Amino acid sequence: MKKSTITKEMIDMISRGDQKSEIFAELLQTFGTKYQNLVSQIMHFDYDQLKELYAPESTIKKDIMELMKTCRTKGELYEQLYKKYGQKNNTLIISVLEKDYEELKRGKTPPEVEDESIQYMDYTLFFSLNEKLKIAHKDRHQYRLTKEFEYNDNVLTGEIEIKGGKLFIGVTSYENNTLLTVFNFITFLNSVFKTYFVLALSNLLSSELKDREDVDSFIGLTPMINKKIILKSPNHLQQSKHNFSQYLLNVFFTVDSEMATMTIIGGKYHENDL
């Protein structure tokens, strides 16, 4: 199951005006409890941003900005919006026109989160040279990659997404085996990232597993693990002994017998961060 598949369903439900609790319940009904951890993770990290972009009110505002190129009056705008959205959103159309018309007329567009990408962490710093060369500089803050690995009749699928200042990494494993899923997760990490980044995440996972008496306890007690890592560039990657890069990675990780997902929110490390 790809994160993008669940995200698309969420966008459709946000666009029709469904509430957050309704969206969560319907996603679980659609995809099953098997993907509950992934659904919860997407709801936690992406819902607010997606609502900002795709909620009916935001969509209507964007339409008003576009229609203002040809419509000269509020009445003409209402007529065109009603044709598009119909009776169902009539109250919302009137509300937006009355509340935001003058502001939109002055050219103040609804907030676009993606325009702020320049402020975000560049996670491609941790990509291996081979993968980094495939990414255009302008795409480093909004990127998606899917890879498949075959072993006999089994297929391991890995997915990476960089968006909204977050790095998402996920794998769909096989054999209904939690330990194998963790190992397969590391296999996927090795195919994309630099060694020191893979070692840092592997160390985090092994520490968590070691703290549990068995894998079932590991899953049952912590459906979402949250740990912070201070990641320092290796000596050969540092510009000098007095000028090296350190990053603070806030890591959220879930694992079950067939899936492992990780969301990372990172930035430059400062001594007062912890």
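The values are calculated or read from the model by the stated rules, or taken from the named source; none is laboratory data. All of these numbers come straight from a predicted model, not from anything done at the bench. Reconstructed Cβ throughout: ideal geometry from the backbone, glycine too, with neighbour counts over all protein chains shown. Keep in mind that these areas ignore ligands, DNA and RNA; they rest on the heavy atoms of the full protein, side chains included. Shrake-Rupley method; radii C 1.70, N 1.55, O 1.52, S 1.80 Å.
Looking only at residues in the range 222-253 that are part of a helix (DSSP H, G or I) and at pLDDT below 60, the one that is farthest from F168 (Cα to Cα) is H236.
Yes or no, residue by residue, for (1) open to solvent by less than 40 Å² (accessible area, probe 1.4 Å); (2) modelled with pLDDT under 85; (3) not in a strand (DSSP E or B):
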position	(1), (2), (3)
E102	no, yes, yes
K108	no, yes, yes
M121	yes, no, yes
E131	yes, no, yes
E148	no, no, no
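Contact map, the range 27-50: first residue of a type in the set (F, W, Y), second residue surrounded by fewer than 21 Cβ atoms within 10 Å (Cβ to Cβ) and modelled with pLDDT under 90, Cβ cut-off under 6 Å, separation 6 or more or different chains; pairs are Y35/M1.
Got a sec? Which of E98, E66, E116, E22 is modelled with pLDDT of 90 or more and surrounded by fewer than 15 Cβ atoms within 10 Å (Cβ to Cβ)?
On inspection, the qualifying residue turns out to be E22.
Taking the condition outside any strand (DSSP E or B) and either surrounded by 14 or more Cβ atoms within 10 Å (Cβ to Cβ) or at pLDDT below 90 (or both), does I219 pass? Yes: the conditions hold for I219.
Scanning the range 252-270 for residues that are aliphatic (A, V, I, L, M), buried (at least 19 other Cβ atoms within 10 Å of the Cβ) and under 11 Å from M121 (Cβ atoms) turns up just one, I264.
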